[in-house]
Amino acid sequence: MVTIIVFGLIVVIAVCLAVYGVRIVNQIERGVVFRFGRAQRRVRSPGLTFLIPVVDRLKKVNVQIVTMPVPTQDCITRDNISVQVDAVAYFRVEDPLRAAIAVQNYLFAIEQVAQTSLRSIIGKSDLDDLLSNREELNKGLALMIDSPALGWGIHIDRVEIKDVHLPEDMKRSIARQAEAERERRARVITADGEFQAARKLADASAIMTETPGALQLRLLQTVVEVAAEKTSTLVMPVPVELLRFFERATRSGEAAAGSSARQPQERQPEEHPALGDAAAPELSPPAPSLESAKPAAKNGALPTG
């Protein structure tokens with residue numbers, strides 16, 4: 001009877017030890033076994049793993065990509081401007097054995113390295129690079145963090161600067177600078193447009209000078225455009241060339257009228273001899289006047305008809 005009891009106790013203890021020695025490693029984890037405090041080189045894969053009770057101790061290491069926000073850091077750029085910058089780091093464990101034994105807490109270690117690297121790279125960069133060239137800064141920051149992390153069995157996937165907080169006076173300065181730059185661009189574009197328009201107008205004037213009819217067509221087109229606005233007043237520009245045309249037409253008309261007036265005066269002496277050669281018409285005797293009739297009356301004689 002005692003033998004049975006002892007045998008039963010042995011079986012129960014064996015079952016308990018066997019159950020205690022069985023561990024489950026998840027898919028997102030890897031197991032590092034310490035036997036009598038010494039790390040085993042073989043890393044336990046996901047699934048069931050058996051340990052020697054009381055002798056082995058299992059430490060699980062997560063191999064997922066960890067997203068770690070870097071706290072906001074007060075930095076000074078190379079051009080002596082105070083900014084507040086925060087970032088985010090993405091990394092994962094590549095060697096669980098080194099991550100378990102090379103560093104006490106790899107999460108805390110990566111966070112501290114990210115903060116110091118962020119301050120260092122901001123101090124080497126200008127404000128313009130920080131605002132407009134973040135891709136290069138992100139690559140440099142990832143290299144700075146990845147250098148010590150490789151010794152810990154950790155791979156840095158990427159590091160990105162998330163936000164940059166500027167002082168209020170610096171924001172106003174940047175706004176004024178942007179406004180001045182846009183105004184300069186607007187003036188350059190306007191001047192360039194006027195230059196091109198002047199060049200085109202010069203070419204058009206040269207073509208119209210060679211072809212006088214083009215000026216009349218342009219005048220008629222202008223009249224049509226003005227008339228299309230349905231206004232009560234029509235302003236019609238008259239070019240100087242048109243006035244010169246009318247002046248030339250007036251002078252030619254006056255010259256033609258003067259030549260036609262001189263032609264009859266030249267022909268008049270030729271017509272007088274023709275009139276002299278013709279027979280003169282017979283004229284009736286003039287009637288006696290009253291003064292000649294008075295002496296006759298005094299003498300007693302009456303005039304006869």
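The values are calculated or read from the model by the stated rules, or taken from the named source; none is laboratory data. None of the values given here were measured: they were computed from a predicted structure. Because the Cβ atoms are built from the backbone with ideal geometry, glycine has one as well, and the counts that use them run over all protein chains shown.
Of all residues in region 12-49, those satisfying the criterion of being farther than 30 Å from Ile65 by Cα and exposed (fewer than 10 other Cβ atoms within 10 Å of the Cβ) are Val19, Phe36. Quick check on region 126-141. Is at least one of its residues outside the structural domain of Ile174 (by TED's automatic domain parsing), of a type in the set (Lys, Arg) and in contact (Cβ under 8 Å) with a residue 40 or more places away in the chain? No, the conditions are met nowhere in region 126-141. Across region 127-148, the qualifying residues are those that are of a type in the set (D, E, K, R) and surrounded by 14 or more Cβ atoms within 10 Å (Cβ to Cβ), and the one among them that is farthest from the chain's Cα centre (by Cα) is Asp146. Do we find that Glu94 is of a type outside the set (A, V, I, L, M) and under 21 Å from His165 (Cα atoms) in this structure? No, not satisfied. With respect to the conditions (1) among the hydroxyl-bearing types (Ser, Thr, Tyr); (2) assigned to a helix (DSSP H, G or I); (3) modelled with pLDDT of 90 or more, Ser147 lacks only one, and its number is (3). Considering only residues that are part of a loop (DSSP other than H, G, I, E, B) and touching a helix residue (DSSP H, G or I) at 6+ places or on another chain (Cβ under 8 Å), look in region 44-53 and name the one that is nearest to Leu97 (Cα to Cα). So, considering only residues that are part of a loop (DSSP other than H, G, I, E, B) and touching a helix residue (DSSP H, G or I) at 6+ places or on another chain (Cβ under 8 Å), the one nearest to Leu97 (Cα to Cα) is Leu51. Filtered by the rule that a residue be closer than 22 Å to Asn138 by Cβ and polar (S, T, N, Q), region 84-127 gives Gln84, Gln112, Gln115, Thr116, Ser117, Ser120, Ser125. Just one residue in the set Gln84, Gln115 is farther than 29 Å from Arg41 by Cα and part of a strand (DSSP E or B); that residue is Gln84.
Being assigned to a helix (DSSP H, G or I), in contact with a helix residue (DSSP H, G or I) (Cβ under 7 Å, 6 or more places away or on another chain), surrounded by 12 or more Cβ atoms within 10 Å (Cβ to Cβ) and not assigned by TED's automatic domain parsing to the domain that holds Arg30 holds for only one residue in Ile161, Ile121, Ile207, Ile156, and it is Ile121. Taken over region 85-100, residues that are in contact with a Phe, Trp or Tyr (Cβ under 9 Å, 6 or more places away or on another chain) and of a type in the set (A, V, I, L, M) amount to 3.
Per the conditions (1) over 30 Å from Glu168 (Cα atoms); (2) at pLDDT below 90; (3) surrounded by 13 or more Cβ atoms within 10 Å (Cβ to Cβ); (4) hydrophobic (A, V, I, L, M, F, W, C), the sole criterion not satisfied by Ile81 is (1). Scanning for something surrounded by 15 or more Cβ atoms within 10 Å (Cβ to Cβ), touching a helix residue (DSSP H, G or I) at 6+ places or on another chain (Cβ under 8 Å) and outside any helix (DSSP H, G or I), does region 166-187 turn up at least one residue? Within region 166-187, one or more residues are surrounded by 15 or more Cβ atoms within 10 Å (Cβ to Cβ), touching a helix residue (DSSP H, G or I) at 6+ places or on another chain (Cβ under 8 Å) and outside any helix (DSSP H, G or I). No other residue among Phe108, Phe91 is crowded, with 18+ Cβ neighbours inside 10 Å, farther than 30 Å from Lys171 by Cβ and either touching a helix residue (DSSP H, G or I) at 6+ places or on another chain (Cβ under 7 Å) or not assigned by TED's automatic domain parsing to the domain that holds Gln40 (or both) apart from Phe91. For the subset of region 19-43 comprising residues that are assigned to a strand (DSSP E or B) and under 10 Å from Leu97 (Cα atoms), which member is nearest to the chain's Cα centre (by Cα)? It comes out as Arg30.
In the set (1) in a helix (DSSP H, G or I); (2) in contact with a Phe, Trp or Tyr (Cβ under 8 Å, 6 or more places away or on another chain); (3) among the hydrophobic types (A, V, I, L, M, F, W, C), the condition left unmet by Val103 is number (1).
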